[in-house]
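Notes follow once the structure below has been shown.
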Amino acid sequence: MEKKRMDDYEPGPLPSPKQLDRFGFVKQDLGNSPEGLTKGRSAYEFEREERRVRKWRKMIGVGGSDWKHYVRRKPHVVKRRIRKGIPDCLRGLVWQLISGSRDLLLMNPGVYEQLVIYETSASELDIIRDISRTFPSHVFFQQRHGPGQRSLYNVLKAYSVFDREVGYVQGMGFLAGLLLLYMSEEDAFWLLVALLKGAVHAPMQGLYQVGLPLVQQYLFQFDHLVKEHMPKLGEHFIQEMVNPSMYASQWFITIFSYSFPFNLALRIWDVFLYEGVKIVFKVGLALLKYCHDDLVKLPFEKLIHALRNFPEDAMDPDTLLPMAYSFKISKRLEELQQEYDKKNGKLHLK
């Protein structure tokens, strides 16, 4: 019934290709968009990109057939190449391979179709209401009830039925929307399942359960990491009564896919799907470190504004990500998780 309602409207007009950046977003400033189609790329850059794509194709094999073998033989090469960024033309396939979602898809034929067509969800009206707020400046999602919005609705509805304990929460739309720009509905659904149910890394459904338990844990860990790695800034936050829930919740709930430059979000997602959520902590620490000297001087209101609106130069992936990789936090994250569980009366089982 809801599906019929989604089809009742005529699609609106689409922007011309000249108004879009290379990822399909409407340019905010047509004159000097750094990602714009107008930006000329040198023959050298094209050649370098072609070489990278050839290396990746060799590593993956036809349709991903060589991937697991290559990862077992050369894990360090894979990690290094993923950190440099997956070629955009191969991103969808590689994301499915590194997340474990391809295996889930193959083990569950017909399940997605069943969820979309035959099941009903208590969240259907909420999903319809929120869809236009997900990447509203991207051409794929701009048409009211167009193919992008319909695909997003289907994936979110299917997940809300598949995992009734989580159902649907608004932030999930940004994860599903990002995935739909690189893969089919069914593939995006299974990648969402892989993430939230924990196919490769720890399950993340706690980001969206009642009370957002996993967000609370991540914010506790992040707060401690900030104080340990940047004591001066940590002290300033205490004086100004600023805590991570005021600025970092969205980082974890949407894995930087909300309000961050898209080219940076993609590079973070490359690493996130392979290495897990620790990259979100590392990027958060790198942002604070990059802006440290300015942040320690700001009073409360300006501080909150700065923490929600980082300068453009701080968002350059080639500057920010090497800084993020320099933070070694895996062991400390585990210790803080155990500390958090103990504090909240939970026994942490490995």
Selection from the range 93-109 of residues crowded, with 19+ Cβ neighbours inside 10 Å and outside any helix (DSSP H, G or I) yields GLY100
Checking SER121 against (1) under 24 Å from the mean Cα position of the chain (by Cα); (2) crowded, with 17+ Cβ neighbours inside 10 Å, the condition it does not meet | (1)
Pick from the range 268-314, criterion under 30 Å from VAL71 (Cα atoms) and aromatic (Phe, Trp, Tyr), ranking: nearest to the chain's Cα centre (by Cα) = TRP269
The residue that is nearest to LEU20 (Cα to Cα), considering only those in the range 115-148 that are of a type in the set (Asp, Glu) and not in a loop (DSSP other than H, G, I, E, B), is ASP130
Only one of TYR112, TYR44, TYR70 is in contact (Cβ under 8 Å) with a residue 40 or more places away in the chain and either assigned to a helix (DSSP H, G or I) or in contact with a strand residue (DSSP E or B) (Cβ under 7 Å, 6 or more places away or on another chain) (or both); which?
-> TYR112
Sole miss for VAL139 among (1) touching a strand residue (DSSP E or B) at 6+ places or on another chain (Cβ under 9 Å); (2) closer than 24 Å to LEU273 by Cβ is condition (2)
Pair list, Cβ under 8 Å, 6 or more apart: the range 288-311 residue touching a residue at least 12 places away in the same chain (Cβ under 8 Å), other residue among the β-branched types (Val, Ile, Thr) = LEU288/VAL226; TYR290/THR319; PHE300/VAL242; LEU303/VAL242; ILE304/VAL242; LEU307/VAL242
Sole exception among (1) closer than 27 Å to VAL271 by Cβ; (2) at pLDDT below 95; (3) open to solvent by less than 10 Å² (accessible area, probe 1.4 Å) for GLY177, by number | (2)
Being of a type outside the set (A, V, I, L, M, F, W, C) and part of a helix (DSSP H, G or I) is the filter here, so list the residues in the range 73-92 that pass it.
-> ARG73, PRO75, HIS76, LYS79, ARG80, ARG81, ARG83, LYS84, ASP88, ARG91, GLY92
Result of the Cβ filter at 6 Å on the range 137-162, keeping first residues that are under 14 Å from ALA188 (Cβ atoms) and touching a residue at least 24 places away in the same chain (Cβ under 8 Å) and partners that are of a type in the set (A, V, I, L, M, F, W, C) and not in a helix (DSSP H, G or I), at least 6 apart or interchain, is PHE141/PHE135
Flag if VAL169 is in a loop (DSSP other than H, G, I, E, B) and of a type in the set (A, V, I, L, M) | yes
Could you list, in sequence order, the residues of the range 254-271 that are open to solvent by 40 Å² or more (accessible area, probe 1.4 Å) and hydroxyl-bearing (Ser, Thr, Tyr)?
-> TYR258, SER259
Qualifying residues in the range 223-260 (those that are in a helix (DSSP H, G or I) and under 18 Å from the mean Cα position of the chain (by Cα)) - the one farthest from GLY177 (Cα to Cα) = SER249
Can you tell me which residue in the range 212-222 is farthest from ASP270 (Cα to Cα), limited to those that are among the hydrophobic types (A, V, I, L, M, F, W, C) and outside any loop (DSSP other than H, G, I, E, B)?
-> PHE220
Within the range 232-253, identify whether any single residue is open to solvent by less than 50 Å² (accessible area, probe 1.4 Å), of a type in the set (A, V, I, L, M), under 30 Å from LYS27 (Cα atoms) and in contact with a helix residue (DSSP H, G or I) (Cβ under 7 Å, 6 or more places away or on another chain), and answer yes or no.
-> yes
Hey, PHE310 part of a helix (DSSP H, G or I), under 24 Å from ASN243 (Cβ atoms) and of a type in the set (Phe, Trp, Tyr) or not = no
Residue ID - nearest to GLY345 (Cα to Cα), chosen from residues in the range 198-208 that are open to solvent by 40 Å² or more (accessible area, probe 1.4 Å) and touching a residue at least 40 places away in the same chain (Cβ under 8 Å) | ALA202
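The values are calculated or read from the model by the stated rules, or taken from the named source; none is laboratory data. Note that the structure is a prediction, hence the values are computed from the model and not measured. Using ideal geometry, Cβ is built from the backbone for each residue, glycine included, and neighbour counts are taken over all protein chains shown. Calculation scope for accessible area: heavy atoms of the full protein, side chains included, ligands and nucleic acids excluded. Shrake-Rupley method; radii C 1.70, N 1.55, O 1.52, S 1.80 Å.
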